[in-house]
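Report on the structure given below.
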Amino acid sequence: MAISNDEVRLMIEASLPGAQVEVVDETGTQDHLHATVKAPQFDGLSRIEQHKLVKKAVQTRFDDGSIHALSIKTSAPE
Amino acid sequence: MTEPTEPSLKDKVEELIRDNRILLFMKGTPEQPQCGFSMRVVNTLESYGVEYAALDVLPALQPLREVTAELSDWQTFPQLYVNGELVGGADIVNEMDESGELAGVLGVEQPERSAQSAKQELQADDPQQSPPIQIER
């Protein structure tokens, strides 16, 4: 079951209010996605902690197999 | 005399993390990675010439996800541990490689990457590579 980029983006935005989120499909099969997330909640967090927050936002979709792979790039606002 | 209890998977994982300075949980082996992300981390590590231990998670994928979720609050693979701590997955390793941070974390010098590098002739000898670890279930 594929997942739309929009759905992933909305899940991340819901989990991290105020975040700038962009989700692109890397392979055209809708299951290898790349998310770029800039969120105020990331300020002061290590990369690992930032990535964990993004993964938690979409955990249910990892669990049910909709997302096969998600690569993540995070940053805190300047 | 009672039999000693079989160490749990979690015990074995903790031991691996403790005993290996650089430890990679990956899908497949360094010679035959079974996933693009794992392959990327292997290639990155190889470029630093460091010795590392590699564990193929595929034979026990779900149980290992549960163990690492418990130990590190992280359950996707690959996972790179250095000095007992989770450094991250493929994305983080890649970012740190590009930013120059990874060399410090691995405890080595930043390898020369530029074309003008004096070390253009890289030695062809393989890094001292430990064989892939097999976990018996």
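Of note:
- Looking at A:His34, A:His51, A:His68, just one residue is at pLDDT 95 or above and under 19 Å from B:Pro78 (Cβ atoms), and that residue is A:His51.
- Where a residue in region A:30-49 is among the charged types (D, E, K, R) and its partner, wherever it lies, is part of a helix (DSSP H, G or I), with Cβ under 7 Å and at least six apart: A:Arg47/B:Ile92; A:Arg47/B:Glu95
- Identity of the residue in region B:20-48, of a type outside the set (A, V, I, L, M, F, W, C) and within 15 Å of B:Val82 (Cβ to Cβ), that ends up surrounded by the fewest Cβ atoms within 10 Å (Cβ to Cβ): B:Arg21
- Out of A:Lys73, A:Lys56, A:Lys52, sole residue that is within 23 Å of B:Ser72 (Cβ to Cβ) and in contact (Cβ under 8 Å) with a residue 40 or more places away in the chain: A:Lys56
- From B:Leu106, B:Leu86, residue being under 24 Å from A:Arg61 (Cα atoms), aliphatic (A, V, I, L, M) and touching a strand residue (DSSP E or B) at 6+ places or on another chain (Cβ under 9 Å): B:Leu86
- Here B:Ile17 clears all of (1) buried (at least 18 other Cβ atoms within 10 Å of the Cβ); (2) outside any loop (DSSP other than H, G, I, E, B); (3) free of Cβ contacts under 8 Å to residues at least 60 places away in the same chain except the condition numbered (3).
- Every residue from region A:44-71 that is more than 18 Å from A:Asn5 (Cβ to Cβ) and in a helix (DSSP H, G or I): A:Arg47, A:Ile48, A:Glu49, A:Gln50, A:His51, A:Lys52, A:Leu53, A:Lys56, A:Asp63
- Only listed residue being part of a loop (DSSP other than H, G, I, E, B), out of contact with any helix residue (DSSP H, G or I) (no Cβ under 6 Å at 6 or more places or on another chain) and over 19 Å from A:Leu45 (Cβ atoms), chosen from B:Glu46, B:Glu98, B:Glu112, B:Glu51: B:Glu51
- Of the residues making up region B:75-109, those that are of a type in the set (A, V, I, L, M, F, W, C) and either more than 11 Å from every other protein chain (Cβ to nearest Cβ) or under 12 Å from A:Ile48 (Cβ atoms) (or both) are B:Leu80, B:Val82, B:Leu86, B:Val87, B:Ile92, B:Val93, B:Met96, B:Leu102, B:Ala103, B:Val105, B:Leu106, B:Val108.
- Taking first residues from region B:59-73 that are of a type in the set (Lys, Arg) and partners that are at pLDDT below 95, the Cβ contacts under 6 Å between residues at least 6 apart in sequence or on separate chains come to B:Arg65/B:Gln75.
- Per-region count, region A:37-47, residues within 11 Å of chain B (Cβ to nearest Cβ) and surrounded by fewer than 18 Cβ atoms within 10 Å (Cβ to Cβ): 1
The values are calculated or read from the model by the stated rules, or taken from the named source; none is laboratory data. Just so you know, these numbers come straight off a predicted model, no measurement behind them. With ideal geometry, Cβ positions are generated from the backbone for all residues, glycine too; neighbour counts draw on all protein chains shown.
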